[in-house]
Amino acid sequence: MLPAYLPNSIAAVFGGGKPIDGGRTMKDGSRILGDGKTIRGLFAGTLCGMLLGLFQMYYFTQNSVIFGVVLPTFGSGLAALVVLFTLAFGSLIGDLSMSFFKRRMGFKRGAPLPVIDQLDFVMGAWLLTFIVSPYWFLSNFTPNIVIAVLIVTPLLHVSTNIVGYFIGVKKEPW
Ligand code: CTP
Ligand code: MG
């Protein structure tokens, strides 16, 4: 999950600049996505998520066990790169899709939407990865792992966002 987790933090730290929706609003009077979804965040997040995955792959060539747990692999060659891309890019697309729905519901940028905010990026990463690499997805995200991720992710998300708020990269602590 690391290549799917990192992009959101990277977007919060390095995002900014031109919004993906180009500042456009829809007929309902609200922005398509809002100023919180930027091109730089999307690019920097995807790139860094993939780089972290490459680093994990390198680590794996040296040592396939960490804290006594046998590590899964992303596969090899192009297939592994594709998995890294769909995990990283998918997580940001999941987050962005929910911003679209938040704007349609009239929520302003940064308004909290509990549970959705904590899991939209997981759903995006899983869905895109499942569509593109179903065999890899099903052999790695077994039911127990899915349950563990669904429990651990909101806790991680809430704690990293509190840190992000205090170091000043996030406007709200959620
Ligand atoms: N960010 C970005 N580009 C993205 C995603 C996030 O630049 N594709 C940055 C923005 O600066 C954003 C911050 O990361 O404010 C935190 O992301 P998030 O909480 O998802 O955005 P919000 O500002 O809360 O906006 P929204 O209400 O749309 O979720
Ligand atoms: Mg938010």
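Of the residues making up region 85-112, those that are of a type in the set (Phe, Trp, Tyr), more than 10 Å from ligand 2 (Cβ to nearest atom) and surrounded by 13 or more Cβ atoms within 10 Å (Cβ to Cβ) number 3. When restricted to residues that are closer than 20 Å to Ile10 by Cβ, more than 12 Å from ligand 1 (Cβ to nearest atom) and not in a helix (DSSP H, G or I), region 142-171 contains 1.
Annotation: Val115 fulfils all but one of (1) surrounded by 14 or more Cβ atoms within 10 Å (Cβ to Cβ); (2) within 20 Å of Leu150 (Cα to Cα); the unmet one is (1). Criterion applied to Leu54, Leu81 was being in contact (Cβ under 8 Å) with a residue 12 or more places away in the chain, touching a Leu at 6+ places or on another chain (Cβ under 8 Å), open to solvent by 60 Å² or more (accessible area, probe 1.4 Å) and away from ligand 2 (no atom under 16 Å from the Cβ), and the one residue passing it is Leu54.
Just one of (1) assigned to a helix (DSSP H, G or I); (2) under 18 Å from the mean Cα position of the chain (by Cα) fails for Ser139. It is (2). Looking only at region 91-123, how many residues end up being of a type in the set (Phe, Trp, Tyr), more than 7 Å from ligand 1 (Cβ to nearest atom) and within 17 Å of Asp21 (Cβ to Cβ)? Of the residues in that region, 2 qualify. Just one residue in the set Phe107, Phe74, Phe85 is in a helix (DSSP H, G or I) and of a type in the set (A, V, I, L, M, F, W, C); that residue is Phe85. Pairs are defined by a Cβ separation below 6 Å, a sequence spacing of at least 6 or placement on different chains, a first member in region 34-49 that is within 16 Å of ligand 2 (Cβ to nearest atom), and a second member that is small (Gly, Ala, Ser); the pairs so defined are Gly34/Ser99; Lys37/Ser99; Thr38/Gly15; Thr38/Gly16; Thr38/Gly17; Gly41/Ala11; Gly41/Gly15; Gly45/Ala11. The requirement of being surrounded by fewer than 20 Cβ atoms within 10 Å (Cβ to Cβ) and within 11 Å of ligand 1 (Cβ to nearest atom) is satisfied by Phe43.
Kindly establish whether Thr73 is modelled with pLDDT under 95, within 22 Å of Trp126 (Cβ to Cβ) and open to solvent by less than 80 Å² (accessible area, probe 1.4 Å). Judged against the criteria, Thr73 is a match.
The values are calculated or read from the model by the stated rules, or taken from the named source; none is laboratory data. Quick caveat: nothing in here was measured; it's all calculated off a predicted structure. Quick reminder, even Gly has a Cβ in these numbers, built from the backbone with ideal geometry, and neighbours come from all protein chains shown. All accessible areas refer to the heavy atoms of the entire protein, side chains included, with ligands and DNA or RNA removed. Shrake-Rupley method; radii C 1.70, N 1.55, O 1.52, S 1.80 Å.
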